[in-house]
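So the structure is just underneath, and the comments pick up after that.
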Amino acid sequence: MTRRALITGITGQDGAYLAQWLLAKGYQVFGLARQTSHQGLLDHRLGWLGIQDKVAILPGDLVDLASLMEAMEIARPDEIYNLAAQSSVSLSWQQPFITGQVTGLGVANMLQAAKLVAPRARFYQGSSSEIFGAAEPGAHDETTRPHPRSPYAAAKLYAHWMTVVYRESFGMHASSGILFNHESPLRSLDFVTRKVTDSAARIKLGLARELRLGNVESRRDWGHARDYVQAMWLMLQQDQPDDYVIATGRSVSVRDMCKIAFDCVGLRLEDHLVIDPELWRPAEVDELVGDASKARRILGWAPTVTLEEMIQEMVEADLARLRS
Ligand code: NDP
Ligand code: GDP
């Protein structure tokens, strides 16, 4: 029997790669998209992967319970992947309420809709390493005590615990993937890696002269989205639902990540980087590095793409986009 999956946030980076992965596995894929999602976005990411005609798009919004229930009634999913969110940390200080509504309460809506309409579906929640924020230094795993540092992180922590609450209260097969930063050529320009690879490509082609950034001393554990969506799928293939940290275990500063990108195009970062205090955040997460031993042990998951390989892929994709 063909398995059926419903993905919220299918117009986003992870939604697109996950749809591609599930289609390759023979799933029938349904994607929830806001009415405001314009065709351009669908074409952009799903089109880039050549799968825009292979997924069924259903209208819905995480803040509208009825639309989620209706989407689940139509999709009759075996697996639900909740990837929709207001996903930008920096925007979350400007829009704390919307962030709480979508990234936090929206997940309560999703869990409630699943409980009412698709209680036997396996449920994946897209949690984030941002919940660790200012936690004790060192590599974070599933036992690390969270300390959110932004409205986004606070909303994600609520959503994470709601997933646990629904699992423990109603016996739902609900798992939370605590994913560290993951990037790709499909990453939005709001995030630092893609901003950097796009700028490196623009400067190389003579379309720009400088790269303006905020704090370049913070450190992140960056993996490739293609690897990370496989971990989501693996979580839902387990007999027991659980929570897993997904990370590479390597932390690199924003500055060193920039150097990798500028090396790819044969330019010197020092000649183009401008530090702009306006881009500093009200509170920073100085370092995020994850320990994915549990995922390795139980899911058999391990990252396959290095940061250097990923940045190279992103720079090449940005050069190709800009040339065309
Ligand atoms: P993106 O920002 O690329 O995608 C977010 C998606 O959510 C888009 O499809 C967007 O739709 C949709 N969305 C936003 N608001 C709503 C709403 N009210 N109702 C329905 N859909 C909505 O994120 P990623 O693909 O990078 O991330 C996927 C998930 O994983 C997110 O929850 C994110 O917070 C989380 N995460 C991501 C990490 C990363 O490094 N990428 C790390 C850890 C967690 P639209 O096209 O209409 O805007
Ligand atoms: P985050 O870890 O989810 O917040 O992912 P981002 O890619 O948005 O940010 C990663 C780090 O890059 C953070 O420490 C930011 O403060 C830092 N950073 C420095 N300059 C910028 C910038 O111009 N844009 C973004 N998005 N981040 C920046």
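What follows draws every value from the coordinates through simple rules; no lab data is involved. Remember, predicted model here, so these are calculated numbers, not experimental data. No Cβ is skipped: glycine too gets one built from the backbone with ideal geometry, and neighbour counts run over all protein chains shown.
Before moving on, here are some points about what is shown:
- Coil-residue trypsin sites (Lys or Arg not before Pro) of region 231-295, DSSP, other Cβ within 10 Å capped at 13: R268
- For region 88-177, the Kirkwood hydrodynamic radius comes to 13.6 Å, computed from all pairs of different C-alpha atoms.
- Here the extension length gained between E217 and D190 equals 7.9 nm, from 0.36 nm per residue of separation less the Cα-Cα distance.
- Reduced Cα scattering model of region 63-102, Debye log10 I(q)/I(0), q = 0.16, 0.20 Å⁻¹: -0.54, -0.70
- 5 angstrom amide H check on G12, placed H, neighbours 5+ away: none
- For G249, the residues whose modelled amide H falls within less than 5 Å of its own, excluding neighbours fewer than 5 places apart on the same chain, are G290.
- Near D198: Cβ cut-off under 10 Å, other residues only, Lys/Arg at +1 and Asp/Glu at -1. The net charge is +4.
- By the count of neighbouring beta-carbon atoms within 10 Å, fewest first, I203, I260 end up ordered I203, I260.
- Here the Karplus relation 6.51 cos²θ - 1.76 cosθ + 1.60, evaluated at θ = phi - 60°, turns the backbone of region 232-240 into coupling constants of 4, 4, 4, 4, 7, 8, 7, 4, 10 Hz, with x for every Gly and Pro.
- Helical runs assigned H by DSSP (4 residues or longer) give the chain a calculated mean residue ellipticity at 222 nm of -12000 deg cm²/dmol, each run adding -39500 (n - 2.57) before division by the residue total.
- On the principal axes of its alpha carbon atoms, region 239-278 extends 53, 28, 13 Å, with the longest extent given first.
- With the convex hull drawn around the C-alpha atoms of the chain, the volume per residue stands at 126 Å³.
- Compared with the alpha-carbon gap, the fully stretched path from D64 to E308 is longer by 83.8 nm at 0.36 nm per residue.
- Against the chain, whose longest principal axis is taken from its Cα atoms, helix 307-323 shows a tilt of about 80°.
- Extension gain from E73 to L322, taking 0.36 nm per residue of separation minus the Cα-Cα distance: 85.5 nm
- Summed side-chain charge close to W161 - residues other than W161 whose Cβ falls under 12 Å, Lys, Arg +1, Asp, Glu -1: 0
- When peptides 78-90, 48-60 are ranked by their average number of other Cβ atoms within 10 Å per residue, the highest-first order is 78-90, 48-60.
- The R255 and A134 beta-carbon pair, evaluated with R₀ = 25 Å, returns a calculated FRET efficiency of approximately 0.75.
- Once you divide the Cα radius of gyration of region 135-201 by 2.2 N^0.38 Å, the number left is 1.46.
- Taking the Cα atoms of region 190-284, the ratio Rg/Rh between the radius of gyration and the Kirkwood radius comes to 1.10.
- Over the C-alpha trace of region 188-228, radius of gyration and Dmax come out as 12.0, 34 angstrom.
- Here the spin labels are modelled as points 7 Å beyond Cα on the Cα-Cβ line, and at E142 and R297 they lie 0.9 nm apart.
- Folded to 0 to 90 degrees: helix 151-170 orientation relative to the chain principal axis, Cα: 20 degrees
- Other-chain or far-sequence residues with amide H under 5 Å of A84's (modelled H): T8, G9
- For the chain, the longest principal axis of the C-alpha atoms and the axis of helix 65-75 are separated by about 80°.
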